[in-house]
Ligand SMILES: Nc1nc2c(ncn2[C@@H]2O[C@H](COP(=O)(O)OP(=O)(O)OP(=O)(O)O)[C@@H](O)[C@H]2O)c(=O)[nH]1
Ligand SMILES: [Mg+2]
């Protein structure tokens, strides 16, 4: 159905500390991953109105936690990237603490999308994030990004590798290959988000 392919989304606010997180009855679905992996691009691909979340060739573009309200009954949340080398150590630690605090403790959060570049093996920071989510008993989906840069066989091999590595994990929902250029995986990912949000009920109220 056509209306299943996109959702409408609108920017609500950006937050650099948890005191500034919005107070809302909506469940949240978050995008995390290394700097430049394609988090903001994926949000723009999922939402009907493109170019909402700022995208850049320069890693470290997203410097706040950005909240977008959607018409699918949940908020989409764009996080700063982890592991960006060119900011100061202090700022990197601040980001990483904020991200960790958000994904492990945020009450309305029902699903975290952990984005991993399909061209590379998962990096230590990716595995650390997945472990963090497992320990916190939080549901997550592994989203392989930039699959347009690989042959289909290589995408399938990467997907299989991740499924193997994560085979003992309790809170992994799925592994979904995507591309913001070709929109590969958009339907699957959106379906997954809607299903998990639905399982949790639409709001906290
Ligand atoms: N070929 C290709 N390029 C992509 C894809 N997704 C993102 N990119 C490019 O990758 C770069 C980074 O994309 P962003 O969406 O800004 O990445 P981000 O994860 O939000 O980065 P930070 O906010 O810095 O953490 C941009 O140049 C995008 O155009 C994709 O699916 N395919
Ligand atoms: Mg970004």
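Bear in mind these aren't lab numbers, they're just calculated from the coordinates by the rules spelled out. What you see is a predicted model; the values in this text were computed from it and never measured.
Computed values, structure above
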quantity: The chain, helix-only ellipticity at 222 nm - DSSP H runs n ≥ 4, -39,500 (n - 2.57), divided by all residues, nearest 500; calculated: -10500 deg cm²/dmol
quantity: Contact order normalised by residue count of the range 2-199, Cα under 8 Å, 6+ apart, percent; calculated: 22
quantity: The chain: most fluctuating residue of 66, 97, 36 per GNM, C-alpha cutoff 10 Å; calculated: 97
quantity: Net length gained if the chain between residue 181 and residue 97 were fully extended (0.36 nm per residue, minus Cα distance); calculated: 27.1 nm
quantity: Kirkwood hydrodynamic radius (C-alpha pairs) into Stokes-Einstein, the chain, 37 °C and 0.692 mPa s, D in µm²/s; calculated: 194
quantity: The range 90-205 - Kirkwood radius from inverse mean 1/r over Cα pairs (Å); calculated: 15.1
